[in-house]
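> Pasting a structure here, questions to come.
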Amino acid sequence: MVSFEITPVGTVRNERTDIQNSDHWGAVRSTIVVDERFGDACFQGLEGFSHVEVLFVFDQFDEAEDYSEPRLYRGRADLPAVGIFAGRAPRRPNRIGVTICAVESVRGRELTVVGLDAVEGTPVIDLKPVMREFLPADTKQPEWVGDVMSEYFKP
């Protein structure tokens with residue numbers, strides 16, 4: 001396999017520091033500060049979008065040693081075992097996370113978002129505006145996912 005190196009475009013700034021605290025991200029306000037190499041106009045036009053997709057690295061988690069066996073979702077015995085690509089856990093190949101967040105404000109090289117599930121200091125590797133045309137019209141998921149995730153984005 002080909003390997004490659006990614007240089008972060010910016011860093012997350014917020015009040016969340018506990019990587020084990022994995023719920024209640026809905027009201028978390030984060031400011032993403034991008035590197036000066038992108039200039040002060042790097043977010044020009046983004047203020048017209050309600051949401052942005054943030055790609056980031058779970059840099060404070062180690063990669064798992066083995067991905068071949070399904071694991072209990074969130075380690076809970078009351079939930080089904082799922083393969084690595086059927087979950088959104090931070091211990092994953094390449095440790096890449098992705099979240100769609102509400103855009104609160106844009107100012108120079110600073111983008112403030114709400115609902116980003118990344119802790120203080122997390123490296124951001126890319127940002128993309130959310131466009132309705134790229135979103136699926138009809139999604140489905142197992143019923144248990146809605147139950148488990150009901151606390152995830154609550155304030």
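> Here is a list: 95, 109. Which entry is surrounded by 15 or more Cβ atoms within 10 Å (Cβ to Cβ) and closer than 18 Å to residue 38 by Cα?
109
> Continuing with the same structure: Exactly one condition in (1) small (Gly, Ala, Ser); (2) open to solvent by 50 Å² or more (accessible area, probe 1.4 Å); (3) part of a strand (DSSP E or B) is not met by residue 27; state its number.
With respect to (1) small (Gly, Ala, Ser); (2) open to solvent by 50 Å² or more (accessible area, probe 1.4 Å); (3) part of a strand (DSSP E or B), residue 27 is out only on (3).
> Would you check if there is a residue in region 74-87 being surrounded by fewer than 15 Cβ atoms within 10 Å (Cβ to Cβ), touching a residue at least 24 places away in the same chain (Cβ under 8 Å) and of a type in the set (A, V, I, L, M)?
No.
> Of the residues 15, 63, 47, 53, which single one is in a strand (DSSP E or B) and in contact (Cβ under 8 Å) with a residue 24 or more places away in the chain?
53
The values are calculated or read from the model by the stated rules, or taken from the named source; none is laboratory data. Since this is a predicted model, take the numbers as computed values, not measurements. Don't worry about glycine lacking a Cβ; one is built from the backbone with ideal geometry, like all the others, and counts go over all protein chains shown. SASA here: full protein model, heavy atoms, side chains in, ligands and nucleic acids out. Shrake-Rupley method; radii C 1.70, N 1.55, O 1.52, S 1.80 Å.
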